[in-house]
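*Asks:* Shown below is the structure under consideration.
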Amino acid sequence: VGRVLATAGHDSGFAHVEFVLTTEGPELVEINRRIGGALVGEALCRRLDTNVYDAMVDTALGRRPALLDTPAGSSTGPATGFVLVYPDRPGTLTGWTGLDGLSAFPGSPEWYPTAVPGRRVEHLSDQRSCTGIVLAEAGTAELALHRALSAAGSIRPIVTADDDRDRG
């Protein structure tokens, strides 16, 4: 990834890099001067116990971010994991079941809705139909992800089938 960034002329600041593994090896999908999407920024803020967006602003203004002067391994925040929640069929989102039970799960899971009731969901094979994200904490990223998966498994988007009359 470092060589790819250097080739692209990206020599400082945050970088979001995506690739897929193909039969011929990694294939680049995206390079952008940003923090990753979903809750990556929130995860970084919690783990590093600082507002990483301040570092982005400092970098954009040509200032050295204070984050770079933090001793390695000195982060005091928890590791986090997050899971996107999708409906099992297309239709109109009317709400969710299971949100009131999140506090029963370890890791202080939190719900971040990404859709509002009344929204039509149709593309079940990609992120356009994500209805929310569950974030959980733990001492390691692996345990945090396990906790987020467990909590997210209890949430079900409620989707009603569209009436043919309403399809226009």
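The values are calculated or read from the model by the stated rules, or taken from the named source; none is laboratory data. Quick caveat: nothing in here was measured; it's all calculated off a predicted structure. Neighbour counts run over all protein chains shown; Cβ positions are idealised from the backbone, glycine included. Side chains are part of the model used for accessible areas, which takes the heavy atoms of the whole protein and leaves out ligands, DNA and RNA. Shrake-Rupley method; radii C 1.70, N 1.55, O 1.52, S 1.80 Å.
*Asks:* Check which residues have an amide H placed less than 5 Å from Phe19's amide H, if you skip close sequence neighbours.
*Replies:* Amide H neighbours of Phe19: Val29.
*Asks:* How much mean residue ellipticity at 222 nm does the chain get from its helices, if each DSSP H run of length 4 or more adds -39500 (n - 2.57) and you divide by all residues, to the nearest 500 deg cm²/dmol? Show your work: numbers first, answer last.
*Replies:* Working: 4 runs with 36 residues, N = 168.
Taken over the chain, the calculation gives -6000 deg cm²/dmol.
*Asks:* Per-residue HN-Hα couplings for segment 4-9, Karplus 6.51 cos²θ - 1.76 cosθ + 1.60 at θ = phi - 60°, whole Hz, x for Gly and Pro?
*Replies:* 5, 5, 4, 4, 7, x
*Asks:* Hey, another quick one. Counting only protein heavy atoms, what percent of the accessible surface of the chain is carbon or sulfur at a 1.4 Å probe? Write down the numbers at each step before the final one.
*Replies:* Details: 5660 of 10470 Å².
Heavy-atom surface of the chain belonging to carbon and sulfur, 1.4 Å probe: 54 percent.
*Asks:* Going by Cα centres, segment 123-153 and segment 61-102 are how many Å apart?
*Replies:* Segment 123-153 and segment 61-102 have Cα centres separated by 9 Å.
*Asks:* Still on this structure: Return the sequence-ordered ³J(HN,Hα) values of segment 111-123 in whole Hz as given by the Karplus equation 6.51 cos²θ - 1.76 cosθ + 1.60 applied to θ = phi - 60°, using x for Gly and Pro.
*Replies:* 9, 10, x, 10, 9, 10, x, x, 7, 7, 10, 9, 9
*Asks:* Another question, then. Do you know the relative contact order of the chain, to the nearest whole percent, from alpha carbon pairs under 8 angstrom that are 6+ apart? Spell out each step's value before the answer.
*Replies:* Numbers: 287 pairs, mean separation 36.4, N = 168.
It rounds to 22 percent for the chain.
*Asks:* Roughly how many debye, to the nearest 20, is the charge dipole of segment 1-67 about its Cα centre, given +1 on each Lys and Arg Cβ, -1 on each Asp and Glu Cβ, and no other charges?
*Replies:* On the way: 7 positive and 9 negative charges, 53 e Å.
It comes to approximately 260 debye.
*Asks:* A further question on this structure: Which shape class applies to segment 1-68: rounded if a/c is under 1.5, otherwise prolate when a/b exceeds b/c and oblate if not, where a ≥ b ≥ c are the square roots of the Cα gyration tensor eigenvalues? Spell out each step's value before the answer.
*Replies:* Working: a/c = 2.96, a/b = 1.59, b/c = 1.86.
Oblate shape, in that a/c is at least 1.5 and b/c is the bigger or equal ratio.
*Asks:* For Trp96, list long-range residues whose amide hydrogen, built 1.01 Å from N in the peptide plane, is under 5 Å from its own amide hydrogen.
*Replies:* Ile158
*Asks:* Moving on to the next point. Collect residues whose amide H, placed 1.01 Å from N in the peptide plane, falls under 5 Å from the amide H of Gly36; neighbours closer than 5 in sequence don't count.
*Replies:* none
*Asks:* Then there is this: Using the heavy atoms of the protein chains and a 1.4 angstrom probe, tell me the accessible area per residue for the chain in square angstrom.
*Replies:* Values: 10470 Å² over 168 residues.
Computed with neighbouring chains in place, this is 62 Å² per residue.
*Asks:* Taking the Cα centre of segment 1-135 as origin and charging only Cβ (+1 Lys, Arg; -1 Asp, Glu), how large is the dipole, in debye to the nearest 20? Write out the running numbers ahead of the final one.
*Replies:* Working: 11 positive and 15 negative charges, 40 e Å.
Charge dipole, segment 1-135, about its Cα centre: 200 debye, nearest 20.
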